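Here is the structure we will look at.
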């Protein structure tokens with residue numbers, strides 16, 4: 001599990017693969033987050049790891065990011081309160097990958 005130092009986390013946050021990701025700073029950042037807040041703003045949300053940390057602590061989280069795909073991540077992780085993907089959903093999403101024949105662009109002569 002990512003962030004093992006937080007035993008109350010019961011999720012696995014995908015590890016971001018780009019420069020500036022704050023997921024490695026979460027233990028350090030968490031020590032400066034007041035425990036008596038209800039709302040927090042993550043103005044440069046990126047992968048939303050900080051916003052998700054705040055959500056796990058019960059805060060209402062407002063996030064923002066310049067890149068649209070990061071905003072979509074926020075909608076799924078932060079804004080979403082009830083929808084969870086089940087195995088049947090994943091089967092539908094990835095069905096074409098499993099059964100679709102992938103063209104071979106490099107052939108052996």
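The values are calculated or read from the model by the stated rules, or taken from the named source; none is laboratory data. Fair warning: this is a prediction, and the values are worked out from it, not measured in the lab. Cβ: placed from backbone, ideal geometry, glycine included. Neighbour counts: every protein chain shown.
One table, with the values for the structure above:
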{"item": "Close pairs (7 angstrom Cβ cut-off, 6 or more residues apart or separate chains): at positive phi in the range 45-66, surrounded by fewer than 24 Cβ atoms within 10 Å (Cβ to Cβ) and part of a helix (DSSP H, G or I) anywhere", "result": "46/70; 48/73; 48/74; 48/77; 48/78"}
{"item": "Filter result for residue 31 (surrounded by 10 or more Cβ atoms within 10 Å (Cβ to Cβ) and modelled with pLDDT of 85 or more)", "result": "no"}
{"item": "Condition met for residue 26 (surrounded by 10 or more Cβ atoms within 10 Å (Cβ to Cβ) and at pLDDT below 85)", "result": "no"}
